[in-house]
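Visitor: Quick one: this structure, given as structure tokens, is what I'll be asking you about.
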Amino acid sequence: MNCCVDSAQILKTAGVASDGDVVRAEELLGLARPLGDGLYQSDFIVPAVHCAGCISTIERGIAKLHGVTNVRVNLSLKRASITWNRGETSPDQLEKGLKELGFESHPFDYEDLGREEDAIGRQLLIALGVSGFAAMNIMLLSVSVWSGADKATTQLFHLISGIIAAPTILYAGRPFYASAWSALRAGRMNMDVPISLAVSLAFTFSLVESLRGAQHAYFDAAVCLLFFLLIGRNLDHMMRRRARGAIERLQGLTTKGALVVGRDGSVNYTAIDAIEPGMRIRITAGERVPVDGKLLSGLADFDRSIVTGESEPATLKAGDAVEAGTVNLTGAVDILVSKAAEQSFIAEVMKLMEAAEGGRSRYIQIADRMARIYSPLVHVLALIAFVGWMIHTGGDWRQGIFAAIAVLIVTCPCALALAVPVVHVVAATRLFKAGILMKDGSALERMAEADMVLFDKTGTLTDGKPSVAGASGTDNAISRAAALAAHSTHPASRAIASYTMPNAAAFEAINEQAGFGIEAKMDGVLARLGKPKWVSELNPSIDDIIDCQARVAFADANGVVATFNLSETPREDAAHAIVGLTAQGLDLEMLSGDAEQPVRKLAETLGIPAYSAANTPQSKVARIEALAAEGQRPLMVGDGLNDAAALTAGHVSMAPASASEIGRLAADFVFTRDRLTAIPKAHLIAKRAASLVKQNFVLCVLYNGLAIPLAMMGYVTPLVAALCMSGSSIVVIANSMRLNFGAPYEDRVENAPLPVKSSTTASGGIPVWRTA
């Protein structure tokens, strides 16, 4: 329990809060997550959400509330995430708003979600069993009727069937009736309204026919309709549970708390929510790390497979980062907490997984619009069928109702509601298994549309660990450059800092400029370390730095100069990634801030046909905008702070987990394993997902285009309509699950034939590549 809830309880006990509203408001406020600038996010479980229409109703309805800035509903998690302004509204008003829309809700919690979903699953399964048992018995009675029983026996069997059907419909039909009543009470329609109406009409029609001694009644159709509808609802529930599987497994990797070491050496168990950055926690052997931090001392082996995908234990030393969810394999170690639980690696991964369904891609927007007009349209079509049959038969209302019931049932939009989210959730799970996290479904769609790839060089195509191959300048200049380099975390700076013993100089006013380098003052003299052209701006007398072939230069306003040549090693799997992307028909280009020579050498080594050097963050963005103006859709891959703008500008973007925090936030996809083959894998999966989404839409259109006219013409009975409706949902789900079948995507990339070195080399000793 957090402090806000405690204070609310104190108020209640003291009698300050005379009713429960104040207490509830305090409790919900304590559970809200502050976002800054007066904005908060509240997450609610909304159990009644089960279709695109529900999502559209909640998002449009809550967005109209004063103070609400954003609303997103996750169908699989049944979660409504609402961003609101504390100065204009409160979370209890949001809860009331959901209730007014016909949706009961309560604060989101994974354990509560699991319990509720288990309870709903049991209820649906019991309802399915009850309806199935009743349907079998009514069908047996129907056999006697249809076989030619006399009038008295027929009427008796009809009445017995009605006696069986009445409680069955009331019990097994509760999921549909409760949902329909909540919607109608809130003044809206949903997909369960026509379903409930169809079942009620079928039962009432059959009861009237039985009481008047008619030869035929349709209790079997009414109960079997419920039976098949419940089959579809159970399958839908199980599918969503499976879709949540990856998130639930991640949730299982979290812990409830940890042993916190106090300043006096005392060790106390502390709840996870109370653990803050700067605390020292103790992790025993076999225990999972609850939050991100750094190892304080010694060596320890950790299972980091959740981060790297590698089963081999990693040996970490003091100062190394330790992620939440990893397992300590050796003795007890102490870790300095660097992030709160809600910002940990596990939490970040879970948020990305949850967002897979929440993105508003073009296809989801189409499904939302179609679901919005569903209820009015289906009732109009049912009315047209009824009136048309009344006219055609000269007033036979029985046939008109029969056709109207079939139309109400056969047009259920379950398949349409599932067409996009299922594919996105399956794709997110598939990507996660490959070590790739996507932020939302729209990113998946944009990844499938990408027709070229733009690479950063350092840290992306290379291992990001350059070393100094040579330096020129006086010992004093080189030493001062190393001293300034020690104030930067850039890979090139780290290489220079470790190249020689740094000067004991004390720098001040240190400023690092993304894409250029670092500058500072020592004894009032400005010094720079970075790109030669930028460094040469300090003093006109050192303009010759511009023409040097060195990758990094150092100079101060007094003319002290040093230059450094750095060498880098391409990533081990960079060639696999390039071959995989080329095989997929993607154009390749390298945009680097490095000097011409190393950029050209790496491009020719890896087989990248186009490249440009000495790029600034602005020039990278300009290049991306120019390509977009030409109609191309570039995928930008980068890792540094200077790539953040380019990652945002790209049609879609990817960054490794080792990228800067700003880079990871700007990217649409993050790959957690240190392998560039994640890029062609992601593109393959996205292309396949886009194809399946289109197939699902085609299936939905074909189904409705065929089923609705047949139902209106009287060729579809209510029972057959129920079978068709459930069958359409099953077909869409099965088609979406095909994303998990076939040859593993990893194999297509990892086993792609690599180019091999020719016996000859290009000028300058650069290898020429040919296909094996």
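The values are calculated or read from the model by the stated rules, or taken from the named source; none is laboratory data. Owing to the predicted nature of the structure, the values given are computational and were not obtained by experimental measurement. Heads up, the Cβs are rebuilt from the backbone with ideal geometry, glycines too, and the neighbour counts pull from every protein chain shown. We work out accessible area using only protein heavy atoms, side chains counted, and drop any ligands, DNA or RNA first. Shrake-Rupley method; radii C 1.70, N 1.55, O 1.52, S 1.80 Å.
Visitor: Considering only protein heavy atoms, with the full assembly of protein chains and a 1.4 angstrom probe, order 64, 151, 687, 78 by accessible area, largest first.
Guide: On the way: 64 165, 151 140, 687 105, 78 20 Å².
In descending accessible area the options line up as 64, 151, 687, 78.
Visitor: Still on this structure: Quick one: pull the percent of accessible area on the stretch 77-197 belonging to carbon and sulfur, 1.4 Å probe, ligands and nucleic acids left out.
Guide: Numbers: 3680 of 5790 Å².
The computed percentage sits at 64.
Visitor: Let me ask another. When you count, for each residue, the other Cβ atoms within 10 Å and take the mean per peptide, how do 560-566, 218-224, 264-270 rank with the highest first? Show your work: numbers first, answer last.
Guide: On the way: 560-566: 22.0, 218-224: 29.7, 264-270: 9.6.
Top of the packing list down: 218-224, 560-566, 264-270.
Visitor: Figure the gain on full extension for residue 377 and residue 299 (residue separation times 0.36 nm, minus the Cα-Cα span) and round it to one decimal in nm.
Guide: Values: separation 78, 0.36 × 78 = 28.08 nm, distance 6.72 nm.
Between residue 377 and residue 299, full extension yields 21.4 nm more.
Visitor: To the nearest 10 Å², what's residue 82's accessible area with a 1.4 Å probe?
Guide: Residue 82 exposes around 0 Å² with every protein chain in place.
Visitor: Another one. Carbon and sulfur atoms: what percent of the 1.4 Å accessible area of the stretch 481-624 do they account for? Provide the component values of the computation, followed by the final result.
Guide: On the way: 3200 of 6330 Å².
Its accessible area is 51 percent carbon and sulfur atoms.
Visitor: Label the stretch 397-524 by shape, choosing from rounded, prolate and oblate, from the square roots a ≥ b ≥ c of the eigenvalues of the Cα gyration tensor; if a/c is under 1.5 it is rounded, and otherwise prolate applies when a/b is larger than b/c, oblate when it is not.
Guide: Prolate is the answer for the stretch 397-524, as a/c is 1.5 or above and a/b outweighs b/c.
Visitor: Find how much the distance from residue 384 to residue 521 grows on full extension, using 0.36 nm per residue of separation minus their present alpha carbon separation; answer in nm with one decimal.
Guide: Working: separation 137, 0.36 × 137 = 49.32 nm, distance 8.26 nm.
Between residue 384 and residue 521, full extension yields 41.1 nm more.
Visitor: Quick one: accessible surface of residue 88, probe radius 1.4 Å, all protein chains present, in square angstrom to the nearest 10.
Guide: So the heavy atoms of residue 88 present about 90 Å² to solvent.
Visitor: Hey, another quick one. Using protein chains only and a probe of 1.4 angstrom, how many square angstrom of residue 591 are accessible, to the nearest 10?
Guide: Answer for residue 591: close to 0 Å² accessible.
Visitor: Let me ask another. Of 703, 177, which has the most accessible area and how do the rest follow, probe 1.4 Å?
Guide: Working: 703 40, 177 65 Å².
The most accessible residue leads, giving 177, 703.
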